[in-house]
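Q: This structure is in structure tokens; I'll ask about it shortly.
Where a number appears in this text, it was derived from the coordinates with a stated rule and is not lab data. Computed from a predicted structure; not experimentally measured. Neighbour counts are summed over all protein chains in view; Cβ atoms, including those assigned to glycine, are modelled from backbone coordinates with ideal geometry.
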There are 2 protein chains.
Amino acid sequence: MARGFSPVALAVRYGQRHERELRAARQVAKRAGVALHEISLRLPWLKSSSLVDRGQRLPDTPLSRIGRDGIPSTYVPARNSILLSIGISLADALGAEAVIYGANALDYSGYPDCRPEFIAAFSRAARLGTRRGKMRILAPLSRLDKRRIALLAARLRAPMELTWSCYQGGAHPCRSCDSCKLRAKGFEEAGLADPALS
Amino acid sequence: MARGFSPVALAVRYGQRHERELRAARQVAKRAGVALHEISLRLPWLKSSSLVDRGQRLPDTPLSRIGRDGIPSTYVPARNSILLSIGISLADALGAEAVIYGANALDYSGYPDCRPEFIAAFSRAARLGTRRGKMRILAPLSRLDKRRIALLAARLRAPMELTWSCYQGGAHPCRSCDSCKLRAKGFEEAGLADPALS
């Protein structure tokens, strides 16, 4: 908003273990004073991911999380393409010209749909496939490591205490899943305490 | 299948007036002996399209259907991006390496998400964003006019009597909407009768 955007927020329930993140999305949107569009998807085949199928064990070490093809079991097939498309649809319907995507390509878990090449290709498709020919995807966190993201959040006074990263859906972050570990590493390297843990 | 593919089919209910097309999809899939995955989406903002909002008048002449920006009112915001993403997700979950997209870029209604440039960009994003890095979008009808599509269907003995093009959701095609007119033109130029009208 400080940069002249008038954002709206989008949150999608797709069967994720950590449905808890939707509550976090509501709280963050409320704090920021932006409207939140909340959508539910039912795509049965997403059960192939350990992030959706509660019967699978969540990876808890970097080694175990890498499958034969270098992709962790928490990868949800083309999830980010679906989320981006829904965001582009909402933006196009509202007459907006950008979708802001929180993907991170440095301290992340090896998902193909977080890489800058993917984002660039999708942004091009979005521009070509929408009404005004001006749509683009912005991924401001894409090339920052988690240390720099933690520092940026502190500088912007982002309400990190309201945010949720944990892949488990418990009352508190589990501190052992890959996502908790990457988050903890970022705060630690930044020399900051994670306000969500206090 | 004659070309060595083992296809599955995907149909999506997104609030279209012509929900009738889902029945057609079931019949075509059954005839072809392929599994059909049927999905429902609820995206409230799609009401901006006359193809979803039954309160809007459907365009019935080429002149009236073009909005100020050259896009017809039947354009559903980024619908095809969403459908393609869902298809890519299903394909990725199944270990398949292609999504077959029925878009047509010649005798069509001016939708940005049917153009070959869009399809090429989306195909690139699909390849970069999925597990094996091999996904692609095939659009075999993209550069055929409706005359050639009608001739191809006849040659392949495709069950055109089971297919549905009409934007209205009635018991029979309305013969006056843009989609009915484009279909009729194709059959007429091919010198063929449309078996769905007999």
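Q: Give the average, rounded to an integer, of partner chain Cβ atoms located within 10 angstrom of each Cβ in B:72-83. Don't jump to the answer; show the numbers that get you there.
A: Values: counts 0, 0, 0, 3, 3, 11, 17, 4, 3, 15, 7, 1.
That works out to 5 on average.
Q: How far apart, in nm, are the 7 Å Cα→Cβ label points at B:ASP53 and A:SER176?
A: 5.2 nm
Q: Expressed as a rounded percentage, what relative contact order does the stretch A:18-122 have, with Cα pairs under 8 Å and six or more residues apart?
A: After rounding, I find 17 percent.
Q: Next question. So what's the protein assembly as shown giving for Rg/Rh, alpha carbon basis, Kirkwood Rh from the mean inverse pair distance?
A: In the protein assembly as shown, Rg relative to Rh is 1.00.
Q: Let me ask something else about it. Any idea what % of Cα-Cα pairs in chain A are farther than 29 Å? Before the final figure, lay out each step's value.
A: Details: 4171 of 19503 pairs.
Of all Cα-Cα distances in chain A, 21 percent exceed 29 Å.
Q: Of the residues B:LEU58, B:LEU41, B:LEU182, which exhibits the maximal mean-square fluctuation in a Gaussian network model of chain B defined by a 10 Å Cα contact cut-off?
A: Maximum fluctuation in the GNM of chain B, among the listed residues, is at B:LEU41.
Q: How large is the Rg to Rh ratio of the stretch A:106-198 when both quantities use alpha carbon positions and Rh follows Kirkwood?
A: Taking Rg over the Kirkwood Rh, I get 1.06.
Q: Suppose R0 equals 25 Å; then what is the FRET efficiency for A:SER198 and A:GLU19 from their Cβ-Cβ distance, rounded to the nearest 0.05?
A: Numbers: r = 23 Å, r/R0 = 0.94.
After rounding to 0.05, the efficiency reads 0.60.
Q: Moving on to the next point. What residue in chain B has the Cβ closest to the axis turning B into A, and how close is it in whole Å?
A: Residue of B nearest the axis onto A, distance in Å: B:SER85, 2.
Q: Related question: Taking the Cβ of A:ALA193 as the center, what net charge do the other residues with Cβ under 13 Å away carry, scoring Lys and Arg +1 and Asp and Glu -1?
A: Residues near A:ALA193 contribute -3 overall.
Q: Follow-up question, since we're still on this one. I want the local charge near A:LYS30. Using Cβ-Cβ distances under 13 Å, sum +1 for each Lys or Arg and -1 for each Asp or Glu among the other residues.
A: It works out to a net charge of +2.
Q: Rounded to the nearest 500 deg cm²/dmol, what is the calculated helix-only ellipticity per residue at 222 nm for chain A, with -39500 (n - 2.57) per DSSP H run of length n ≥ 4?
A: Only helices count here, giving -10500 deg cm²/dmol.
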